[in-house]
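The values are calculated or read from the model by the stated rules, or taken from the named source; none is laboratory data. Every value quoted in this text rests on a predicted model; they were computed, and no experiment measured them. When we count neighbours, we look across all protein chains shown, and the Cβ atoms used for this are built from the backbone with ideal geometry, even at glycine. Side chains are part of the model used for accessible areas, which takes the heavy atoms of the whole protein and leaves out ligands, DNA and RNA. Shrake-Rupley method; radii C 1.70, N 1.55, O 1.52, S 1.80 Å.
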Amino acid sequence: MPVSRHAPTAPTGLRRLAGGAGIDAHHHDEHQIVYAACGVLSLTTDRGRWIAPGTQAIWVPAGTVHEHRAYGQTDVHLVGLPLDVNPLGLRAPAVLAVEPLLRELIIEYTRDPDGDRDERDRLLAVLLDRLRHSPRKPVHLPTPHDPRLVAVC
């Protein structure tokens, strides 16, 4: 991976990416949930690539150097979480199933990051409860290390 920039706080909000656009390598001191409400998003680290269509989200643990790439017009909803909030106990990126209620909670939570604090706290509490029930999906492509395979890839 290229040199990454450090963004201490994992942002919460909506980013619209054109097809082929991306977010360069960076890392946060906080965890992040990345959800593409439309389009397809990939997350790449030195350990591999995780791909998520609109029925899945990607868990990005704090400190993970990663970059994003959009496939098609993509609405990326980002949920930053403090270091002590890890409802799944995951220490590596993972693709998670997003059921309809969780989808709507993520979209609403990222709609107005500066909105009413009490309402946002309630939304986040339910979002985290639903996230705990999200099964992991095996949509991970490991980074090749064998020189022959690296050349092909």
**Asked** In the set 76, 98, 65, 34, which member is under 22 Å from residue 112 (Cβ atoms) and open to solvent by 10 Å² or more (accessible area, probe 1.4 Å)?
**Response** 98
**Request:** Among the residues of the stretch 37-50, count how many are open to solvent by less than 20 Å² (accessible area, probe 1.4 Å) and in contact (Cβ under 8 Å) with a residue 40 or more places away in the chain.
**Result:** 4
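For (1) aliphatic (A, V, I, L, M); (2) touching a Ser or Thr at 6+ places or on another chain (Cβ under 8 Å); (3) free of Cβ contacts under 8 Å to residues at least 40 places away in the same chain, each residue gets a yes or a no:
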| site | (1), (2), (3) |
| --- | --- |
| 13 | no, yes, no |
| 27 | no, yes, yes |
| 52 | yes, yes, no |
| 69 | no, yes, no |
| 85 | yes, no, no |
| 96 | yes, yes, no |
**Asked** Which ones in the stretch 76-105 are assigned to a strand (DSSP E or B) and modelled with pLDDT of 95 or more?
**Response** 76, 77, 78, 79, 80, 81
**Request:** Working only within the stretch 111-123, note down all residues that are in a helix (DSSP H, G or I) and open to solvent by 30 Å² or more (accessible area, probe 1.4 Å).
**Result:** 111, 117, 118, 119, 121, 122, 123
**Item:** Sole exception among (1) assigned to a strand (DSSP E or B); (2) open to solvent by 30 Å² or more (accessible area, probe 1.4 Å); (3) modelled with pLDDT of 95 or more for residue 108, by number
**Value:** (1)
**In the stretch 22-61, the residues that are outside any strand (DSSP E or B) and within 17 Å of residue 100 (Cα to Cα)** = 53, 54, 55
**Asked** If we keep just the residues of the stretch 1-21 that are assigned to a strand (DSSP E or B) and open to solvent by less than 30 Å² (accessible area, probe 1.4 Å), which is nearest to residue 91 (Cα to Cα)?
**Response** 13
**Request:** Return yes when residue 127 is touching a residue at least 12 places away in the same chain (Cβ under 8 Å), buried (at least 17 other Cβ atoms within 10 Å of the Cβ) and not acidic (Asp, Glu) and no when it is not.
**Result:** yes
**Asked** When you go through 103, 5 one by one, which is the residue that is in contact (Cβ under 8 Å) with a residue 12 or more places away in the chain and more than 19 Å from residue 131 (Cα to Cα)?
**Response** 5
